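Beneath this line is the structure, given in structure tokens, with notes to follow.
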Amino acid sequence: MKGVVLSRLPAAQLVDLSHEVPHYDVLAGALLLEACVPWFPRDAVHCAVVDPGVGTARRPLCVVDPEGRRLVGPDNGLFTPFLGEGARAFELVSDWGAVPAPQTHARTLSATFHGRDLFAPVAAWLAAGGDPSWLGPRVEDPVRLSWPGATHEGGVVRGEVLAADPFGNLLTSVREGDLGGARGLEVQVGGRAARFVRTFGDGAPGELVALVGSSGRLELAVREGSAARALGPDAHRGSVVLVRGG
């Protein structure tokens with residue numbers, strides 16, 4: 001994919017966001033994009049491929065979010081965080097005769113590698129100044145994942161585990177705003193209590209803690225260890241997380 005981009009746009013600056021998204025895990029990919037894309041220049045083009053449906057009837061897509069960020073990849077929910085009010089989406093059509101750019105995509109489209117043959121060429125074309133509206137028809141119904149949030153009842157915030165990062169920290173559906181600025185909170189997951197702290201170093205080595213991570217979400221962590229490993233089957237995706245005010 002890098003070779004394809006550089007062959008079309010030699011001056012492109014390429015940044016590897018991550019190659020550690022678990023295979024086929026669209027939600028984990030969407031969470032990664034949610035956390036990282038806003039920190040890039042708005043004129044950057046983001047090519048993201050977590051695509052278990054490659055080669056099927058799922059649509060290839062370019063999304064332009066309400067702030068003008070451009071994302072290219074499969075229409076499988078991967079871009080859910082960027083499909084707010086004002087977002088636009090375009091299907092990448094196979095016949096781009098109207099597009100004033102030669103060889104925008106590969107001459108032969110592999111059934112198993114759209115990242116190389118379609119998404120990377122489109123990303124390069126956009127980065128060179130291409131207009132997303134020329135790529136294909138508007139998509140009014142892009143796929144959106146069921147996006148878990150948190151509920152509030154009787155002074156208890158209820159959320160769930162969403163994903164583990166490479167350090168074994170567990171990302172949850174509870175956002176910083178759900179905590180109401182409270183500190184000294186009681187956090188429970190899988191029957192285990194986690195002490196609420198400000199940062200990893202506030203925990204004792206090996207201690208299970210909860211904190212608001214850099215993504216603005218409540219995370220469960222073990223200082224100098226792995227919360228995913230420590231909690232094991234008690235903290236899989238969907239496991240209930242309870243937060244009580246302190």
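Readers should treat all values here as calculations from the given coordinates under stated rules, not as data from a laboratory. All figures in this text were calculated on a predicted structure; none of them were measured in a lab. FYI the Cβ positions are ideal-geometry reconstructions off the backbone, even for glycines, and counts take in every protein chain you see.
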Which of Asp65, Asp43 has the fewest other C-beta atoms within 10 Å, and how do the rest follow up to the most? Asp43, Asp65
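How much of the DSSP beta bridge set in the stretch 151-244 is antiparallel, as a percent to the nearest 5?
In the stretch 151-244, DSSP labels about 95 percent of beta bridges as antiparallel.
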Highest to lowest packing among 112-118, 128-134, scored as the average C-beta count within 10 Å: 112-118, 128-134
Å³ per residue enclosed by the Cα convex hull of the stretch 2-134: 106 Å³
Express as a percent, rounded to the nearest 5, the fraction of DSSP beta bridges in the chain (both residues included) that run antiparallel. 90 percent
Please report, in whole Å³, the volume per residue of the convex hull around the C-alpha atoms of the chain. 139 Å³
In nanometres, the difference between 0.36 nm per residue of separation and the alpha-carbon distance of Glu224 and Glu20 is 71.5 nm
Between Arg144 and Ala193, what is the FRET efficiency for a Förster distance of 35 Å, r being their Cβ-Cβ separation, to the nearest 0.05? 0.55
Could you give the nm distance between label points at Glu85 and Ala182, where each point is 7 Å from its Cα heading toward the beta carbon? 3.0 nm
